[in-house]
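Below is one structure; the comments refer to it alone.
The values are calculated or read from the model by the stated rules, or taken from the named source; none is laboratory data. Remember, it's a predicted structure, so these values are computed and weren't measured experimentally. When we count neighbours, we look across all protein chains shown, and the Cβ atoms used for this are built from the backbone with ideal geometry, even at glycine. All accessible areas refer to the heavy atoms of the entire protein, side chains included, with ligands and DNA or RNA removed. Shrake-Rupley method; radii C 1.70, N 1.55, O 1.52, S 1.80 Å.
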Amino acid sequence: MTHTKTSKADNHPPDFAPILAAANRIILGKPQEIRLAVACLLAGGHLLIDDLPGLGKTTLAHTLAALFGLDFSRIQFTADLLPADITGVSIYDRGQSSFRFVPGPVFAQLVLADEINRATPKTQSALLEAMEEGQVTSEGETRRLPRPFFVIATQNPAHQIGTFPLPESQLDRFLMRIELGYPGRDAERELLRSGGRRLAAESLTPLLVATQLPALQEAVAAVHAADPLIDYVQALVEASRQNPAFRHGLSPRAGLALLAAARAWAWLAGRDMVLPDDVQAVFPAVARHRLLAAHGDGMAAAGDIAALLAGVAIP
Amino acid sequence: MNQKRDASLSREQPPWLFAAAIAATAPHALAQPLWLTAFAAVLFAWAGWLWWEDRRLPGRWVLMVLTVAGNLAILAEYRTLFGREPGVALLVMFMALKLLEVRHRRDAVVVVMLAYFLLLTHYLHSQEIAVGLWLIVALWLVTAALTRLHAGPIERRENLRLAGTLLLQSLPMMLVLYLLFPRISGPLWGLPEDAHTGRTGLSERMNPGSIAELVTSGEVAFRVRFDGPPPARRLLYWRGPVLEDFDGTTWQRSSRRLTEEVVQADGPAITYESTLEAHGQRWLLALDAPLALPEGASLDGRLAAIVARPIDSRQRFRLRAATAFRFNLQEAPATLTDNLRLPTAGNPRARALAREWQRQARAPEELVDLALRHFNREAFHYTLRPPLLGRDAIDDFLFRSRRGFCEHYASSFVFLMRAAGLPARVVSGYQGGEFNPLDGYLVVRQSEAHAWAEVWFAGRGWTRVDPTAAVAPERIEQGIVSALPAGEPLPAFLLNRADWLRDLRHRWEAVNNTWNQYILGYDGERQRQFLSQLGFINVDWRLLATLLGIAGSGVLATILLLNLWHRPRLDAARRLWRRAQRRIGLNCAPQETPLAFAERVRRTDPALAPAVDAVVRHYLLARYARTDPEHLAALRAAVNRLPRRRIV
């Protein structure tokens, strides 16, 4: 590690608590999920939210965009959505007698891809390629997407009618996958009393400006991971490959994702070093959608993930 | 715990079990009845098809009916369910049936264990190199099936590598046990009687054709290694049963007890080691004439060496002999009378010829010359396929067919000598052998079986006369292959005279012999030799047990040390962290993070919490922050401030 990087990491933002607190005021009773979502953003990865409709997925995306001062666009995925509806099209400009590219909704800093599994695989892959490459190639011309570029995709449970579940290879492109779940009793009561949260989310004042985010992401990437911590990540990845509950183990890319997410988690806790606790905290969100259950054709069971964590000694 | 699902098998596991089961049972197809092979093959195929189609395995009732039917069939085939053959047949059937009820890991483990056991049973049939090689491969496959059960979903190649590594790791222990485990003479599991049926070899009776039949077998009778240079081929007479009683067609060994031989060596003594294949009889087939015998062996009064028990497994003996010798210059009158005895009637022409010679001859030696000259001058042929002889077999042979093998010549010669009043008898055994230049062993096959004659002269004792040499001297000088005309039914591999083929055969036989001598033949004697080379003189079971203990512990200790060596050594922070836990008598679980541990202490033991918090804080810094010696010093100080509390 160079000295400059160290100083950058030490150069902590005042506090992330206000941002988290503001978000928690909008999404009630889900501090852990919000923290994971923020960590995902800080780690420079994309987020997949998996849940039934009406549990606040879209609200969470709005909230994050507003708080981080990111320009926001939303794509509602439907069965008839075409790739060009996402990436943009060239239109003939009569005045200039030439084609002019009209950027699609993907040209935004925070893209909410709502109900991504309602679109056909072809359309899905247009977005997912943009996520992977950070650029869009349309009609032979490559156009860079804005920086930062953060995708929050929501998806309904796969067994719902009219859905195209994302294939494994596509799932791997999301750094984390979280579930929101039903709100707690108190949170739900509060929600019922004060009404829906979508409007409140849109009227939030930004606590950061978009230009700050790349620097923050760089600082997160510089959080120190000592050799014993790397050993731990490696042990977890290896254990996933030996575990009969899963069809395949975690890939090296998943190992990198795990470390990146743990760094962000550590940084959110105000630490300049990753601890095993950070790895354990993000492991289910990072690993579960990348592991297939050995029996049946679904994702690994949450219990198996917990058992995997419990079965690996911390080096 | 999700026990039920854990215990069930994944889709990728059964093929390994099939492979292991087939590898472990396939060679038995050569020995067991055809219907059993077919039965097992059908069950294997059924199990494989069910797996392929992902169908339900047959129910309990179907299996029960199959089991009962199989048992009854085996009972009908062997008339018993006990013993080697039916036992193996039962195991093969169980294996095939078990594959039809492999549902859980427990069943799979049963299949694997059964396969291991079945591997052992192949040695009951054969201990050849090919079997050994097959079993190594099969052992590998069975072990791979076992690792596939336990190692989780891993690649096929990776799994084979894992199983191979396991087997290689067991090699040192295997060598220690092989070299040092006390050797029991005879097979460990006491082969039942049927192990020795159908063995070829000399018998104690000889009639025209019996040796010719033996000669068509290319099987090895024994192998010999001489300490010095091997004697000339024509001197290599290996003595088997001496046949004295004649009933007109068959020569038999006499059961009379004779006094001890007196042998006088006229030449240098030759020492050699002979490795006899099992032949089910007591003959040692020693080189004429034996001067010194191994322990437990004796002479039968006719210079034939015998051992106390039939030779039922390959055995090694050290012997000394002299090829120039004189034997029983004095002989008991009763023995001489016995060796003049002929049937009262039959073969009149032979008797007349003998009487004619008796009149001509001035000395007994001349009788022998006359007879040999007769065989040599008249148109006698040496052949393995003589025509059938009539009732007066000797007359028929001497005056009509004149075509015969060694037993015809020996038999008629002895008849003529007795009829002419000279004590004579037939000696059966082997003559010659094939010298393998690669390993220096002389290989004597059944095809070298021979019969010759022995006559007694006053003043010279029993003297060997080989009438076959008078008809076909090549038989004695060069061996059976050169002596017989083309087209005789000798084993094909002996007849082939291409040099490269013979060279190849020599090579293969040398390898085989090495295997027999050093791997299979590693007996108590070899073990003693091996240990005496290491400096241990008095080898008894106590020494063996001690050595076994030392060497076994040595191997285990080496493995342990290697493991310790490869284990990441604890760094200073980790050691201090351990010490802190010992000091307060609490343990941080392997998967528990230090922060979680601190939290637990806060809940369960608030008084201790501040000190533990400090330790945890410094430990995390020392272990997970950038390296800084101050962190370690702070951690050490914090640990030393911990109160000492031990679990009582």
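For this structure, a couple of remarks:
- Under-5 Å amide H pairs with B:ALA221, H placed in peptide plane, nonlocal only: B:VAL444, B:ARG445, B:GLN446
- Long-range amide H partners of B:PHE325 with built H, under 5 Å: B:ASP266
- Each Lys and Arg contributes +1 and each Asp and Glu -1, all at the Cβ; summed about the Cα centre of the stretch B:283-427, the dipole is approximately 240 debye.
- Here is the list for the stretch B:382-428: trypsin sites (Lys or Arg not before Pro) lying in DSSP coil, each with at most 14 other C-beta atoms within 10 angstrom of its C-beta, are B:ARG391.
- Simple label model, 7 Å out from Cα along Cβ direction - B:HIS566 to A:ARG143, nm: 5.6
- Kyte-Doolittle mean at least -0.5 and Cα axial length at least 18 Å: DSSP H helices in chain A: A:227-242, A:252-268
- Gap separating the Cα centres of the stretch A:221-257 and the stretch B:573-648, nearest whole Å: 26
- The A and B chains share an interface that buries close to 2000 Å² of accessible area, total over both sides, probe 1.4 Å.
- Cleavage-rule hits, trypsin sites (Lys or Arg not before Pro), the stretch B:88-176, DSSP coil, Cβ neighbours within 10 Å at most 15: B:ARG103
- Just the protein heavy atoms count here, and of the accessible area of the stretch B:1-85 at 1.4 Å, carbon and sulfur take up 67 percent.
- Where labels lie 7 Å past Cα in the beta-carbon direction, separation of B:ARG603 and B:SER482 in nm: 9.7
- Helix-only CD estimate at 222 nm, as mean residue ellipticity for chain A, using -39500 (n - 2.57) per DSSP H run (n ≥ 4): -13500 deg cm²/dmol
- The stretch B:289-406 - accessible surface per residue (Å², probe 1.4 Å): 52
- Compared with the dominant principal axis of the Cα atoms in chain B, helix B:105-121 is inclined by about 20°.
- Ranked order, B:VAL137, A:VAL220 - accessible area, probe 1.4 Å, largest first: B:VAL137, A:VAL220
- Spacing of the two label points (7 Å from each Cα toward its C-beta) at B:ARG644 and A:GLU218, in nm: 5.4
- Kirkwood analysis of the Cα pair distances in the stretch B:572-641 returns a hydrodynamic radius of 11.9 Å.
- On Cα atoms only, tilt of B:572-584 relative to the major axis of chain B in degrees: 70
- With 0.36 nm allotted per residue and the present C-alpha distance subtracted, the A:GLN242-A:GLU190 stretch has 14.2 nm of extension available.
- Selection from B:LEU141, B:GLN13, B:TYR123 lying farthest towards where the dipole of the stretch B:3-154 points positive, charges on Cβ: B:GLN13
- When its C-alpha radius of gyration is set against 2.2 N^0.38 Å (N residues), the stretch B:1-158 gives a value of 1.05.
- Which of B:THR259, B:THR165 is most accessible, then next, and so on - probe 1.4 Å: B:THR259, B:THR165
- Shielded by partner chains, the stretch B:614-648 residues - at least 50 Å² of accessible area, 1.4 Å probe, vs chain alone: B:ARG623, B:TYR624, B:ARG626
- Net lengthening on full extension, B:GLU295/B:ASN376 (0.36 nm per residue, minus Cα-Cα): 24.9 nm
- Per-residue SASA entry for B:LEU548, accessible area with 1.4 Å probe, Å² rounded to 10: 40
- Euclidean distance of C-alpha centroids, the stretch B:327-356 and the stretch B:40-79, integer Å: 68
- Computed over chain A: relative contact order in percent, which uses C-alpha pairs under 8 Å that are six or more apart: 22
- Accessible-area value, B:PHE39, 1.4 Å probe, nucleic acids and ligands omitted, Å²: 50
- Computed over chain B, the per-residue total of -39500 (n - 2.57) for DSSP H runs of n ≥ 4 gives a 222 nm mean residue ellipticity of -15500 deg cm²/dmol, rounded to 500.
- Angle of helix B:60-78 to the longest C-alpha principal axis of chain B, folded into 0 to 90 degrees and rounded to 10: 20°.
- ³J(HN,Hα) computed for each position of the stretch B:23-35 - Karplus, 6.51 cos²θ - 1.76 cosθ + 1.60, integer Hz, glycine/proline x: 4, 7, 9, 3, x, 5, 4, 6, 10, 8, x, 4, 4
- For chain A, size of Cβ-based charge dipole, Lys and Arg +1, Asp and Glu -1, in debye: 400
- In terms of accessible area, using a 1.4 Å probe and ignoring ligands and nucleic acids, B:ARG341, B:ARG574 rank largest first as B:ARG341, B:ARG574.
- Under the convention that each Lys and Arg Cβ holds +1 and each Asp and Glu Cβ holds -1, the size of the dipole of the stretch B:336-378 around its Cα centre is about 200 debye.
- Note: relative contact order over the stretch A:158-315, using C-alpha pairs below 8 Å and six or more positions apart, is 26 percent.
- Positive-end ranking of A:LEU208, A:SER90, B:HIS631 along the dipole of the protein assembly as shown, with charges on Cβ about the Cα centre, is headed by B:HIS631.
- Theoretical FRET efficiency, 1/(1+(r/R0)^6), r = Cβ-Cβ of B:THR165 and A:GLU133, R0 41 Å, to 0.05: 0.45
- As a calculated quantity, the FRET efficiency between A:ASP227 and A:ALA306 at R0 = 30 Å, using C-beta atoms, amounts to about 0.70.
- Using the Cβ-Cβ distance between B:PHE536 and B:MET173 with R0 set to 22 Å, the FRET efficiency from 1/(1 + (r/R0)^6) comes to roughly 0.60.
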